[in-house]
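The values are calculated or read from the model by the stated rules, or taken from the named source; none is laboratory data. Owing to the predicted nature of the structure, the values given are computational and were not obtained by experimental measurement. For neighbour counting, all protein chains shown are included, and Cβ atoms are generated from backbone atoms with ideal geometry for every residue, glycine included.
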Amino acid sequence: MNTQTNLGGTFTFAGAAMTVNRMGYGAMQLAGPQVWGPPRDPEEAVRVLQGAIEAGVNHIDTSDFYGPHVTNQIIKRALHPYVDGLVIVTKVGARRGADKSWIHARARQELIDAIHDNLRNLGLEQLDVVNLRVGDILRPSEGSIEEPLTVLADLQRQGLIRHLGLSNVTPRQFAEAQKISKIVCVQNFFNIAQRDDDSFVDDLAAQGVAYVPFFPLGGFTPLQSSELDAVAASIGATPMQVALAWLLHRAPNILLIPGTSSVKHLRENLAAAALQLTAETIAKLDSIAERRSAQTLG
Ligand SMILES: NC(=O)c1ccc[n+]([C@@H]2O[C@H](COP(=O)([O-])OP(=O)(O)OC[C@H]3O[C@@H](n4cnc5c(N)ncnc54)[C@H](OP(=O)(O)O)[C@@H]3O)[C@@H](O)[C@H]2O)c1
């Protein structure tokens with residue numbers, strides 16, 4: 001049952017016949033500490049996923065390297081068979097070392113294996129969207145992505161992938177990718193305190209390409225700011241809700257995937273879509289964002 005109607009409106013991916021609510025859910029926090037192993041509370045993880053779907057979320061972000069495998073297996077356990085219209089976006093291009101490190105995995109066979117791991121662990125025959133993750137952990141670094149993207153485009157032609165996206169990329173890499181395949185979304189590090197991609201967001205908006213900020217709440221070091229706290233208190237919201245509402249307001253192509261392992265935080269985050277920010281509040285938040293974007297709030 002869809003118990004929540006306002007999830008920030010909808011976004012239709014240009015040329016992709018795929019529409020999602022702008023407020024989605026990021027599943028990375030469902031694995032154990034450091035995104036490794038099983039969650040501390042597996043039943044709560046299932047409740048979070050089922051609660052998201054009940055509230056109308058139809059966009060879930062994941063990867064088979066979360067856990068590894070654990071997050072996708074929980075998604076399958078909680079939600080399979082999937083409701084019509086649910087878009088599960090996954091990413092490939094990395095693997096986990098035994099020491100829990102994040103290692104590039106963009107060789108042809110590594111990408112093929114990753115696609116099959118995602119299909120098996122999610123219980124799907126075709127992946128809705130696959131992001132090729134490049135760059136370093138937080139930021140992109142220049143360099144051609146032709147080789148790995150060509151591998152994914154081949155798998156797309158074979159019918160294993162519906163749409164392709166990119167993660168941790170520069171505008172130059174996005175332009176290179178567009179010559180190889182249609183790209184429906186970009187997932188980069190962006191939030192009220194981290195605005196390196198300001199002009200990239202606008203360029204993608206003009207092309208109808210979704211921009212999906214990762215770490216919208218600051219990630220492993222959640223956003224902390226007395227200024228953000230003051231704005232939130234003045235409108236009867238929480239700082240996290242205000243950070244999400246600011247992103248929704250920032251550009252129409254921004255889709256949110258805040259991550260949480262708790263039903264309480266899930267509800268709080270989804271409710272942010274209904275927050276009405278006045279022009280005065282937005283001006284205050286913009287000025288906080290501008291002053292703080294060179295440093296990290298958290
Ligand atoms: N492409 C990439 O390279 C990349 C990198 C990182 C993440 N991602 C994707 O982006 C998604 C979002 O990132 P993320 O989950 O790492 O970071 P995030 O959404 O910025 O923040 C998650 C953190 O905030 C806490 N939190 C969530 N809601 C809260 C609330 N209402 N009040 C207080 N604390 C709250 C969570 O703890 P609790 O669990 O206690 O709520 C967790 O510690 C991930 O799920 C993943 O799918 C992609």
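Looking only at segment 204-227, which residues are within 12 Å of the ligand (Cβ to nearest atom), modelled with pLDDT of 95 or more, touching a helix residue (DSSP H, G or I) at 6+ places or on another chain (Cβ under 8 Å) and of a type in the set (A, V, I, L, M)?
L217 - this is the single residue of segment 204-227 that is within 12 Å of the ligand (Cβ to nearest atom), modelled with pLDDT of 95 or more, touching a helix residue (DSSP H, G or I) at 6+ places or on another chain (Cβ under 8 Å) and of a type in the set (A, V, I, L, M).
If you take the residues in segment 149-178 that are without any contact (Cβ under 8 Å) to a residue 24 or more places away in the chain and assigned to a helix (DSSP H, G or I), which one is surrounded by the most Cβ atoms within 10 Å (Cβ to Cβ)?
Residues of segment 149-178 without any contact (Cβ under 8 Å) to a residue 24 or more places away in the chain: 154, 157-158, 175, 178.
Keeping just the survivors that are assigned to a helix (DSSP H, G or I) gives 154, 157, 175, 178.
Details: D154: 15, R157: 10, A175: 12, Q178: 13.
Among those residues, the one meeting the criterion is D154.
May I ask you to list the residues in segment 218-249 that are surrounded by 23 or more Cβ atoms within 10 Å (Cβ to Cβ) and closer than 28 Å to A177 by Cα?
Answer for segment 218-249, where residues must be surrounded by 23 or more Cβ atoms within 10 Å (Cβ to Cβ) and closer than 28 Å to A177 by Cα: just L247.
Looking at segment 257-277, which of its residues are among the aliphatic types (A, V, I, L, M) and more than 6 Å from the ligand (Cβ to nearest atom)?
If we filter segment 257-277 for residues that are among the aliphatic types (A, V, I, L, M), which is where we start, we get 257, 263, 266, 270-275, 277.
Selection gives V263, L266, L270, A271, A272, A273, A274, L275, L277.
Report the residue count in segment 127-148 for those that are within 9 Å of the ligand (Cβ to nearest atom) and either free of Cβ contacts under 8 Å to residues at least 24 places away in the same chain or crowded, with 21+ Cβ neighbours inside 10 Å (or both).
The initial filter retains those residues of segment 127-148 that are within 9 Å of the ligand (Cβ to nearest atom), namely 131, 133, 135, 137-138.
Now narrow it down to the ones that are either free of Cβ contacts under 8 Å to residues at least 24 places away in the same chain or crowded, with 21+ Cβ neighbours inside 10 Å (or both): 131, 133, 135.
Counting residues in segment 127-148 that are within 9 Å of the ligand (Cβ to nearest atom) and either free of Cβ contacts under 8 Å to residues at least 24 places away in the same chain or crowded, with 21+ Cβ neighbours inside 10 Å (or both) gives 3.
Given the structure, is A237 over 22 Å from V92 (Cα atoms), within 16 Å of the chain's Cα centre (by Cα) and in contact (Cβ under 8 Å) with a residue 12 or more places away in the chain?
Numbers: over 22 Å from V92 (Cα atoms): yes; within 16 Å of the chain's Cα centre (by Cα): no; in contact (Cβ under 8 Å) with a residue 12 or more places away in the chain: yes.
Taking the combined requirement at face value, the residue does not satisfy it.
The conditions are (1) away from the ligand (no atom under 12 Å from the Cβ); (2) more than 18 Å from the chain's Cα centre (by Cα); (3) surrounded by 18 or more Cβ atoms within 10 Å (Cβ to Cβ), and H80 fails exactly one of them. Which is it?
Condition (3) is where H80 drops out.
Could you please find all residues in segment 179-203 being closer than 15 Å to D286 by Cα, near the ligand (Cβ under 8 Å from one of its atoms) and part of a loop (DSSP other than H, G, I, E, B)?
none
So which pairs qualify, if the first residue must be in segment 202-229 and closer than 15 Å to N188 by Cα and in contact (Cβ under 8 Å) with a residue 40 or more places away in the chain, the second must be away from the ligand (no atom under 12 Å from the Cβ) and assigned to a helix (DSSP H, G or I), the Cβ gap must be under 6 Å, and the two must be at least 6 apart or on different chains?
Y211/V201; Y211/L204
With R40, R47 as the choices, which residue is part of a helix (DSSP H, G or I), among the basic types (K, R), farther than 23 Å from V130 by Cβ and in contact (Cβ under 8 Å) with a residue 40 or more places away in the chain? Give the steps one after another, and end with the answer.
Numbers: R40 fails: part of a helix (DSSP H, G or I).
Of the residues listed, the single one that is part of a helix (DSSP H, G or I), among the basic types (K, R), farther than 23 Å from V130 by Cβ and in contact (Cβ under 8 Å) with a residue 40 or more places away in the chain is R47.
Among the residues of segment 118-147, which ones are among the hydrophobic types (A, V, I, L, M, F, W, C) and outside any loop (DSSP other than H, G, I, E, B)? Write out each step before concluding.
Pass one, segment 118-147, residues among the hydrophobic types (A, V, I, L, M, F, W, C): 119, 122, 124, 127, 129-130, 132, 134, 137-138, 145.
Result: L119, L122, L127, V129, V130, L132.
Scan D154, D136, D128 and give me the residue that is among the charged types (D, E, K, R), at pLDDT below 95 and farther than 30 Å from I282 by Cα.
Values: D154 fails: at pLDDT below 95; D128 fails: at pLDDT below 95.
From the options D154, D136, D128, the qualifying one is D136.
Considering only segment 15-37, how many residues are closer than 16 Å to V129 by Cβ and either charged (D, E, K, R) or surrounded by fewer than 16 Cβ atoms within 10 Å (Cβ to Cβ) (or both)?
4
For the subset of segment 43-69 comprising residues that are away from the ligand (no atom under 11 Å from the Cβ) and closer than 13 Å to S261 by Cα, which member is surrounded by the fewest Cβ atoms within 10 Å (Cβ to Cβ)? Walk me through how you get there before you give the answer.
The first filter runs over segment 43-69 and keeps only residues away from the ligand (no atom under 11 Å from the Cβ), leaving 43, 46-47, 49-58, 64, 67-69.
Filter again for closer than 13 Å to S261 by Cα, leaving 43, 46-47, 49-52.
Details: E43: 9, V46: 17, R47: 16, L49: 23, Q50: 13, G51: 19, A52: 27.
Among those that are away from the ligand (no atom under 11 Å from the Cβ) and closer than 13 Å to S261 by Cα, it is E43.
Rundown of residues vs (1) more than 20 Å from the chain's Cα centre (by Cα); (2) at pLDDT 95 or above; (3) part of a helix (DSSP H, G or I); (4) within 27 Å of P171 (Cα to Cα), yes/no style:
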position	(1), (2), (3), (4)
A243	no, yes, yes, yes
L247	no, yes, yes, yes
P252	no, yes, no, yes
H265	no, yes, yes, no
A271	no, yes, yes, no
L277	yes, no, no, no
L285	yes, no, yes, yes
R291	yes, no, yes, yes
